[in-house]
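To keep things clear, I will list the structure first and then write my remarks on it.
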Ligand code: MN
């Protein structure tokens, strides 16, 4: 009898200064900056963090993102991204820093028209978020070299024009508290990647747009929107 073994390798992202980080799972949070919650029609005072996932393979460092299929409204969401070197279940905020391997700038690309349609009909909107190349990230900077603090600025430019700008202090749930809340619901593991939410100013991207996303002190993320992806 022949043995049937499927072999695959986890996607990896490059680490600043050398090395690779194998991606196990990508978690994201919605509504973590009050102004963005308002622009999406939500009340930030009353909203709990909304967690969702993207496929590990949605992480991308190629510098060129194919405009996704079945959308006419691709949106940028600049986010601070956390890479876990260790995980756990029900871990208190104070116990997260030593479990964090590093940080990067990321963009949670969103098919906003698909999301709006699914929300309106009460259906899950995961597929509006979890398409191929939907999670571009910059080089991962080890936690020994950088850690978040409230005054640090996060921004995103399209073709040289600032579209999103905020400070990390505007997060409703800062990184460690966010990880505490997520770990109440699921067990987190080494290799997990967590997108921590976007500030206000999300908006559409077109083919040939040049996107530059920054968090002060981290390696900037730059990519271009390429021609439409094909389904073939
Ligand atoms: Mn997001």
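Read the figures in this text as sums done on the coordinates, not as results from a lab. Predicted model, so just to flag it, every value in this text is computed and none were measured. Heads up, the Cβs are rebuilt from the backbone with ideal geometry, glycines too, and the neighbour counts pull from every protein chain shown.
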### Task
Give, in nm to one decimal, the length gained when the segment between residue 70 and residue 127 is fully stretched (0.36 nm per residue of separation minus the Cα-Cα distance).
19.4 nm
### Query
Mean residue ellipticity at 222 nm from the helices of the chain, using -39,500 (n - 2.57) per DSSP H segment of n ≥ 4 over the full residue count, to the nearest 500 deg cm²/dmol?
-3000 deg cm²/dmol
### Task
Assuming R0 = 35 Å, can you tell me the calculated FRET efficiency for the pair residue 185 and residue 230, based on Cβ-Cβ distance, to the nearest 0.05?
0.45
### Query
What length, rounded to one decimal in nm, is gained on full extension from residue 24 through to residue 53, with 0.36 nm per residue of separation minus their alpha-carbon distance?
9.3 nm
### Query
Fully extended, how many nm does the chain gain between residue 7 and residue 38 (0.36 nm per residue separation, minus their Cα-Cα distance)?
6.7 nm
### Query
For residue 117 and residue 207, FRET efficiency with R0 = 30 Å and r from the beta-carbon atoms, rounded to 0.05?
0.85
### Task
Take peptides 81-90, 7-16 and line them up by average Cβ neighbours within 10 Å, highest first, as a rough protection proxy.
81-90, 7-16
### Summary
Yeah, the range 14-226 with a ≥ b ≥ c from its alpha-carbon gyration tensor (a/c under 1.5 is rounded, else prolate when a/b outruns b/c, oblate otherwise) is rounded
### Query
Based on the alpha-carbon gyration tensor of the range 148-232 and its eigenvalue square roots a ≥ b ≥ c, which shape applies: rounded if a/c is under 1.5, prolate if not and a/b is larger than b/c, or oblate?
oblate
### Query
Along each of its three principal axes, how wide is the spread of alpha-carbon positions in the range 1-85, in whole angstrom units, largest first?
58, 36, 30
